1. Of everything in the stretch 45-83 that's surrounded by fewer than 16 Cβ atoms within 10 Å (Cβ to Cβ) and not in a helix (DSSP H, G or I), which residue is modelled with the lowest pLDDT?
2. Might you let me know whether the stretch 391-398 holds any residue that is under 29 Å from Phe438 (Cα atoms), touching a helix residue (DSSP H, G or I) at 6+ places or on another chain (Cβ under 6 Å), in a helix (DSSP H, G or I) and small (Gly, Ala, Ser)?
3. Only one of these is farther than 30 Å from Ile405 by Cα and modelled with pLDDT of 80 or more: Ala318, Ala330, Ala336. Name it.
4. Against the definition (more than 24 Å from the chain's Cα centre (by Cα), modelled with pLDDT under 80 and surrounded by fewer than 17 Cβ atoms within 10 Å (Cβ to Cβ)), how does Val87 come out, yes or no?
5. Which residue is surrounded by the most Cβ atoms within 10 Å (Cβ to Cβ), if the candidates are limited to the stretch 452-486 and must be of a type in the set (S, T, N, Q), part of a helix (DSSP H, G or I) and at pLDDT 70 or above?
6. Is it the case that Ala111 is in contact (Cβ under 8 Å) with a residue 12 or more places away in the chain and not β-branched (Val, Ile, Thr)?
7. Please verify whether Cys57 is in contact with a helix residue (DSSP H, G or I) (Cβ under 9 Å, 6 or more places away or on another chain), in contact (Cβ under 8 Å) with a residue 24 or more places away in the chain and more than 23 Å from Pro387 (Cα to Cα), treating the condition exactly as stated.
8. Kindly list the number of the only condition in (1) over 15 Å from Val4 (Cβ atoms); (2) assigned to a helix (DSSP H, G or I) that fails for Leu86.
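The values are calculated or read from the model by the stated rules, or taken from the named source; none is laboratory data. Note that the coordinates shown come from a computational prediction; the quantities given were computed from them, not determined experimentally. Note that we place each Cβ from the backbone using ideal geometry, even for glycine, and neighbour counts take in every protein chain shown.
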Amino acid sequence: MKKVHLLILQAFIRPFFVTFCIVMFVLLMLFLFKYIDDLIGKGFEWYVILELLSYQCAVQLTMALPLSMLLSSIMTFGNLGESYELVAIKAAGVSLRKAMTPLFFLIGIFAGGSFLFSDYILPVVNLKMGSLLYDVRNKKADFFIKAGVFNNTIPGYSIRAKNKSKDGTVLYNLTIYDNTKGSAGSNVLLAKEGYMFDSRDQSFMILKLKDGVRYEDSRVKDAKRYDPRQQFTRFYFKETEQKFSMEAFQMKRTDENLFKSHHQMLNLRQLKLKTDSNKALIDSMTAMYALESKSSILFQSPYYRKEVVTPAQIDPKANILDYIPKSLRASTLSNALMQVQQSQDMNTNRLAEFKRLVDSDIRYRIEFHRKFTLAVSCLLLFGIGAPLGAIIRKGGLGAPVVLSIIFFLTYHIISTVAEKSAKDGGITPFWGMWSAIFILTPLAIFLTYKSTTDSALFDLDQYKVKAQLMWEWVKEKINYRRKKSA
């Protein structure tokens with residue numbers, strides 16, 4: 001390997017890892033901002049948050065890798081162009097295409113690795129993250145007492161404290177309504193002070209109460225009439241403990257098998273199998289609809305099960321009612337309307353199931369093509385970024401960041417709009433997933449051609465000179481017409 005190739009590889013790898021880490025950090029922050037309400041105040045352990053973020057890092061790789069590829073390639077060749085190293089490389093007899101050859105091999109390795117990642121690892125990550133995020137979002141917030149406000153988060157209890165200590169462990173002037181044994185207000189507990197702590201296994205919250213009284217209505221629950229001898233009990237205590245189950249506040253893990261049929265949790269082989277099975281169901285349902293409609297029409301026909309049927313000689317331009325006797329027209333129209341209504345009701349009842357199968361088929365096909373578009377997008381954005389950096393000849397985090405964001409947003413918007421159109425059935429899944437790549441590929445070829453021919457495509461001075469020459473030409477034309485008209 002030539003020293004030029006080592007120089008370009010070293011110049012590319014460092015910006016790539018830096019930009020990849022920055023992009024991944026930004027995407028993680030966006031994820032946290034999106035689900036901040038589902039994470040705060042629920043008492044998650046640190047390893048649960050770390051597990052969720054690690055899964056999200058793997059999921060966001062599909063967006064972070066192409067963007068960092070584009071940004072780092074622009075920065076690399078922009079720095080080389082700004083420091084005139086590209087000029088020295090070309091002066092040494094090495095063309096830009098030859099100098100970029102090792103980078104193409106490196107990007108090819110990244111693209112192949114991203115394809116294997118999206119086929120073998122990403123479905124498993126999506127499965128684990130989907131189930132974990134579902135449990136995180138469904139977990140109740142931790143038990144929290146606000147002074148002067150009734151708290152009803154513990155099932156069957158309503159708790160109010162007039163005041164509490166700064167650390168929140170000691171509650172004053174407590175009122176507790178126990179609704180687990182009867183109606184509201186039948187079991188009330190009052191205490192001047194209560195100390196709150198958790199049990200050793202974290203399954204219960206214990207309130208150690210002092211100086212209080214419990215009012216309990218001891219009437220028989222199943223009594224169907226008024227009992228004059230019903231009991232009303234009142235207990236005074238100096239110190240007692242009230243135990244509350246925290247089962248509702250503990251995160252329960254859902255079985256991951258419930259999410260395995262989702263299209264994002266499948267690899268290529270499973271997607272192909274699901275697509276074939278779904279297609280067979282659609283064909284079977286279509287054939288069944290046609291058979292039911294045909295059977296309904298034949299059953300209503302007066303020639304049903306007749307061996308010989310003589311076709312009626314009817315002029316297609318004439319009114320068909322003229323061929324029906326007047327005495328039978330009303331019954332014929334009524335039977336026809338009833339038959340149409342039955343067919344319409346049958347199709348309406350089956351439409352929802354048919355639409356579900358069609359939507360599943362579209363999503364399976366979209367996910368199938370997505371496995372390949374990640375790898376191709378890395379190659380495409382590198383093919384845009386590398387020649388673009390060689391043309392603009394600007395390094396650092398200024399112009400490269402702006403240009404990379406512009407081109408990546410263009411790619412992302414086109415792919416998002418096309419994918420949404422494919423999901424809605426406007427275009428096929430193939431065009432929905434490959435439209436952005438097909439649209440931007442000519443741009444990559446054009447920029448590569450301009451960079452190899454040393455084109456000053458983004459040289460502002462060149463455009464200023466051309467604009468000035470154009471303005472002088474326009475002024476000459478105007479002066480010539482004035483002289484001619486004079």
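1. Checking each candidate, the answer is Glu45.
2. Within the stretch 391-398, not a single residue is under 29 Å from Phe438 (Cα atoms), touching a helix residue (DSSP H, G or I) at 6+ places or on another chain (Cβ under 6 Å), in a helix (DSSP H, G or I) and small (Gly, Ala, Ser).
3. On inspection, the qualifying residue turns out to be Ala330.
4. On the way: more than 24 Å from the chain's Cα centre (by Cα): yes; modelled with pLDDT under 80: yes; surrounded by fewer than 17 Cβ atoms within 10 Å (Cβ to Cβ): yes.
Here the answer is yes, as Val87 does meet what is asked.
5. Of everything passing the filter in the stretch 452-486, Thr452 is surrounded by the most Cβ atoms within 10 Å (Cβ to Cβ).
6. Details: in contact (Cβ under 8 Å) with a residue 12 or more places away in the chain: yes; not β-branched (Val, Ile, Thr): yes.
Against the criterion (in contact (Cβ under 8 Å) with a residue 12 or more places away in the chain and not β-branched (Val, Ile, Thr)), Ala111 qualifies.
7. Details: in contact with a helix residue (DSSP H, G or I) (Cβ under 9 Å, 6 or more places away or on another chain): yes; in contact (Cβ under 8 Å) with a residue 24 or more places away in the chain: yes; more than 23 Å from Pro387 (Cα to Cα): yes.
Yes; evaluated as a whole, the condition is true for this residue.
8. For Leu86, the failing item is (1).
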